[in-house]
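Read-outs throughout are calculated quantities, based only on the coordinates presented, and are distinct from any laboratory measurement. None of the values given here were measured: they were computed from a predicted structure. When we count neighbours, we look across all protein chains shown, and the Cβ atoms used for this are built from the backbone with ideal geometry, even at glycine.
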Amino acid sequence: MAYWDSSQGGQSPPLLGEIKGTPTIRLYKPKKKQQPGSHKKKTVTDYQFERKAKDMKSFVDKEMPVFLEYVTHGQTDLDKFEEKAQKNGLPRAMLFTSKPNTSPVAKFISTEFRRKMLIAEIKPSKKNKAIMDKYEITDFPALIVIHPDSEENEGKDAVFIRYEGTESKDYSKHRLITFLEKHALKEIVMPKKKETAAGGEDEAEKPDSAKTEF
């Protein structure tokens, strides 16, 4: 977040664009299809709602970036999730929630642990029932981390670590960070470059859609 005081005079930075009136509240959001760390391509949205804390918070919550994997079609989506984690050498976590929309806290942790851990959001449904049964999920929300040693136990069920939280207060961002930090990588992993037919390396793979971006 940044603040520009127009009463000080002078030209506003070109990055801000044209300011026609004050106060102006504007959101700058990097586009997804660009190299990590680059913000040259961006979408700009002027805030057009009530200037009240509740309304402003709702706007920001909705516009927060999200880097979760969504498991909606049962084992098919779960296989893709596990394959992506294995390909990039990432620990994986699964958040089971019955909320219709992704919560701001879930969006936050997906950004906080991006490229350090792959996190999936799974909602209760007929297609996901087998997954919930496998990991003994009966109450929501629930959070588990797949033990990394499970990768070596071929033919055996995955070993998972359950987050011991049962109430809404247990799912605050601070408590979730404390739990996930124990299992996430310490350093980020950048997307792997794909090899060309000649055996060389091509450009980094382009990110997928918002639902599957790594």
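Points worth noting:
- Neighbour counts of other Cβ atoms within 10 Å put TYR135, TYR28 in the fewest-to-most order TYR28, TYR135.
- Of LYS20/LYS54; LYS31/LYS186; LYS87/LYS116; LYS62/LYS127; LYS62/LYS107, pairs whose Cα-Cα distance is over 20 Å: LYS20/LYS54; LYS31/LYS186; LYS62/LYS127
- Nearest-0.05 FRET efficiency for SER58 and TYR3, computed from C-beta distance (R0 22 Å): 0.60
- Each Lys or Arg adds one and each Asp or Glu takes one away; over the other residues whose Cβ falls under 13 Å from the Cβ of LYS186, this sums to +1.
- Label-point gap, in nm, between LYS127 and HIS73 - each point 7 angstrom along Cα→Cβ: 0.6
- Using a Förster distance of 22 Å, the FRET efficiency for PHE160-GLU181 (Cβ separation, nearest 0.05): 0.80
- Of all DSSP beta bridges in the stretch 69-191, antiparallel share, percent nearest 5: 45
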